[in-house]
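Accompanying notes for the structure given below.
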Amino acid sequence: QILEGWKKEDPPTLKKLPVEVDIPEYIASLGNNITATELDRAVGDLTLIAFYYLLRVGEYTTKAKRPGSKQTIQFKLEDITFFGHDKGGHLKQLPPTADDNTLLNAHSATLKIDNQKNGWKGVCIHQEANGEDFLCPVKALGRRFLHMRQHHAKRTTPLSAYFMNGERYDVTDKNIRQSLKDAANILNYPSYKGIPVERIDTHSLRSGGANALSLSGYSDREIQKMGRWRSATFKEY
C-alpha cells in the first residue's frame, strides 16, 4: 500500500540530460537577430555564458516563482573582471571604465564567486575568448557588462538584469528553460540526439558544458574544479 501510494503521488523524476554547444549557440544567434528584443539578447548571452562557465541557473537568473527564496547569490556586475594584453604582450586586468571595443575584445574574463552553493567563496571562474566573432562566452559577458553600464546600473546589479525604455527587468529561470526546450525542438534533439525535450532543463547547460570539456580532453579533476563540484557527482553526466 505504501509503495502504490508513492507511485500515484510521487513518481520518480528522470535525470535531466546534457545539451551540446549547438543549443546555446542557436539561442545566442537569436539574440543577434535584428528583430531581437532586449530579453532575447539577454537570454542568448546568459545561455552562452552558463554553458562555458558551468553555471547553476540560480547564479545568473532570478526565480520566476518565489523570488528571493534561493540560497545562492547571483553574480553581480562588480564580480566581472576582464583581461587584455598591454603593448608588451603581458596579460593585465582591464579597468571597468575601459572603452566598449576593448572590453568586447578582451582576452579573457573571470566571475568572482560571492556565496555560491557548496561553500565556494572568494574564488574566480576564468574563461578565455574562443576566437568566435559573436558566439564567445567572453564577448557575451562583455555585452552584458556594457548593456548594464550603458544604463548606469549599480555595481551590485545582478547578471540577470536587462533594461528596456528605462525600466529594469530580470531574466528568470523560466525564460532559460523555455528557450532551451524551444531550441531542442527546432534542432530536433529527440530524433538526431535521442534526447527527449522533456528531459532538457536549465541544468542541461551546466552538465552539457562539463561533457564538452571531457570530450575536449580535460581531466576529471580539471572539470571538477571548473564546475566547483565537491564530489564526483558530475561524472553521472
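Throughout, read-outs are computed from the coordinates displayed, never taken from laboratory work. What you see is a predicted model; the values in this text were computed from it and never measured. So basically every Cβ, Gly included, is an ideal-geometry build from the backbone, and we count neighbours across all protein chains shown.
What the table shows:
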| item | result |
| --- | --- |
| Rel. contact order, % - alpha carbon contacts under 8 angstrom, at least six apart, the chain | 28 percent |
| Structure-based [θ]222 nm, the chain - -39500 (n - 2.57) summed over DSSP H runs of at least 4, per residue, nearest 500 | -11500 deg cm²/dmol |
| Burial order of peptide ranges 99-105, 49-55 (average beta-carbon count within 10 Å, highest first) | 49-55, 99-105 |
| Of 63/174; 174/225; 16/193, those spanning more than 18 Å from alpha-carbon to alpha-carbon | 174/225 |
| Relative contact order of region 161-237, defined on C-alpha pairs under 8 angstrom at six or more residues apart (%) | 18 percent |
| Cross-link reach list, aspartates and glutamates versus residue 235, counting only Cα pairs under 15 Å and skipping chain neighbours closer than eight places | 220, 222 |
| Overall form of region 182-237 per C-alpha gyration tensor (a/c, 1.5; a/b vs b/c) | prolate |
| Residue-wise HN-Hα coupling along region 154-160, computed from phi with Karplus coefficients 6.51, -1.76, 1.60 (Hz; x: Gly, Pro) | 5, 5, 8, 5, x, 4, 6 |
| Rounded to 5, the percent of DSSP beta bridges in the chain classed as antiparallel | 95 percent |
| Gyration tensor verdict on region 136-237 (Cα atoms; rounded if a/c is under 1.5, prolate if a/b is larger than b/c, oblate otherwise) | oblate |
| Taking region 109-237 and dividing mean pair separation by its residue count, relative contact order in percent (alpha carbons under 8 Å, at least six apart) | 14 percent |
